[in-house]
1. Is it true that residue 308 is modelled with pLDDT of 95 or more and either assigned to a loop (DSSP other than H, G, I, E, B) or open to solvent by less than 30 Å² (accessible area, probe 1.4 Å) (or both)?
2. Which pairs do you get when a residue that is in contact (Cβ under 8 Å) with a residue 60 or more places away in the chain and over 10 Å from residue 285 (Cα atoms), found in the stretch 214-227, comes within reach of a residue that is among the acidic types (Asp, Glu) and open to solvent by less than 20 Å² (accessible area, probe 1.4 Å), reach meaning Cβ atoms under 6 angstrom, with the pair 6+ apart or on two chains?
3. If I filter the stretch 266-280 for residues that are in contact (Cβ under 8 Å) with a residue 24 or more places away in the chain, within 21 Å of residue 137 (Cβ to Cβ) and open to solvent by 60 Å² or more (accessible area, probe 1.4 Å), do I get at least one hit?
4. In the stretch 332-362, which residues are in contact with a strand residue (DSSP E or B) (Cβ under 8 Å, 6 or more places away or on another chain) and closer than 13 Å to residue 207 by Cβ?
5. Among the numbered criteria (1) outside any helix (DSSP H, G or I); (2) among the small types (Gly, Ala, Ser); (3) on the phi < 0 side of the Ramachandran plot, which one does residue 374 miss?
6. So which helices (runs of 4 or more DSSP H) stay within the stretch 101-218 end to end and still have 3 or more residues that are open to solvent by less than 10 Å² (accessible area, probe 1.4 Å) and within 30 Å of residue 268 (Cα to Cα)?
7. Collect the residues in the stretch 227-253 that are assigned to a loop (DSSP other than H, G, I, E, B), open to solvent by 10 Å² or more (accessible area, probe 1.4 Å) and under 20 Å from residue 331 (Cα atoms), keeping them in residue-number order.
8. Within the stretch 333-347, track down each residue that is in contact (Cβ under 8 Å) with a residue 60 or more places away in the chain and part of a helix (DSSP H, G or I).
Amino acid sequence: MNRGRRSFVKTTAVAGAGAAIAGSMPGLLQAATATKSPTPLKILILGGTAFLGPQIVEAAQARGHVLTLFNRGKTNPGLFPDLEKLHGDRDGDLKSLEGRTWDAAIDTSGYVPRIVSMSATLLAPSVKRYLFISTISVFAEDIKPGTAEDGKLATIADETNEEYLKNYGALKALSEKAAEKAMPGRTWVVRPGLIVGPGDRSDRYTYWPARMARGGEVLAPGDGTDPVQYIDVRDLAEWIVAGTEKGLTGIYNATGPDKRLTMKPFLEGVKKGVGGDARLTWVPADFLEEQKVRPWADMPAWIPYGGGEVGMTSLDCRKAIAAGLKFRSVEETAKDTLAWYKTTPEDRREKPKAGLAPAREAEVLAAWHAKQEAPKAG
């Protein structure tokens, strides 16, 4: 059952990172109430108008930093009209970056080592530090629970192959190395897990708040004891800005929460956060496999503990936590995500990119109940 997550990550990771955040409700992005930094920084953001990027911008603005965005001007071009925007292309057109200096560069849009190397090499004389947003998908599929930053990484035989959907994790791992090679000792690599919260149009988490809000009997995967890890995009953005101010370098796993979380308290927390009359029915992993219900893709955020990729939901993030990474509650993230989700177009909500369709969920639940009742007949 482990292929569900890996194949789903390949097809949604870039979509999730690039999910448009236009239309977000006021107040769901970073509130501009943070204490101003005593030493404002000049920060260049490569990207900055998709999902994580706008949250970083909001958090940095709240701290009083001076921001410049570099992108193609195609994704949400109307966002942040008061900020300086430099247009170009990561793949060959970096002229607008020449002759400028910044305290830090934050790379939210690097997927291929060649392109990351081009940007980092050009900026090496111009910035003090380079933050590369990576991913926990850099780890090999068979990592063990509790893997820290030095865990085994995904590899690719042909390192010049740039098919990033097919080789997402391996290319991100090579991109980390490319950034560090360009700026040795000045590079900070952040490896987020599943990034969730307001503005995420990948539905890799949003399925659960939306499903709980719909109420009724909810298919819950496994027995409730399988581990879950994710990070609210706002918590990640705040920490990225704080770490940039501190001058962090090195590699950090960045997912949460700060204690072990399993599916039962996770789904119960989501239910509590959104309210309603949802009733959880836990269905064993082996039965779901028989029904061809896939972990992660059909049951978002879930990897059964016996699956080959359970290490991906049990990573060691103590280094980031010690460096100040904090997490809001399951309930708060669910509540805010649902509030944002309700602002998206109805036709979009009727066709989620992840999770079971209502009819399919009802079918699997009916099959499970029938199996439970079968011994009683006759």
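The values are calculated or read from the model by the stated rules, or taken from the named source; none is laboratory data. A quick note: this is a predicted structure, and the numbers were derived from the prediction, not measured. Cβ sites come from the backbone with ideal geometry, for glycine too, and all protein chains shown count toward neighbours. Surface areas here come from the heavy atoms of the whole protein model, side chains and all, with no ligands, DNA or RNA. Shrake-Rupley method; radii C 1.70, N 1.55, O 1.52, S 1.80 Å.
1. On the way: modelled with pLDDT of 95 or more: no; either assigned to a loop (DSSP other than H, G, I, E, B) or open to solvent by less than 30 Å² (accessible area, probe 1.4 Å) (or both): yes.
Criteria not met by residue 308.
2. Going by the 6 Å Cβ cut-off, the qualifying pairs are 219/361.
3. no
4. 337, 355, 356, 361
5. Here residue 374 clears every test but (1).
6. Numbers: elements: 113-123, 168-182, 207-214.
Because the criterion is at least 3 residues that are open to solvent by less than 10 Å² (accessible area, probe 1.4 Å) and within 30 Å of residue 268 (Cα to Cα), the helices (runs of 4 or more DSSP H) in the stretch 101-218 that meet it are 207-214.
7. Selection gives 229 alone.
8. Those that are in contact (Cβ under 8 Å) with a residue 60 or more places away in the chain and part of a helix (DSSP H, G or I): 333, 334, 335, 336, 337, 338, 339, 340, 341.
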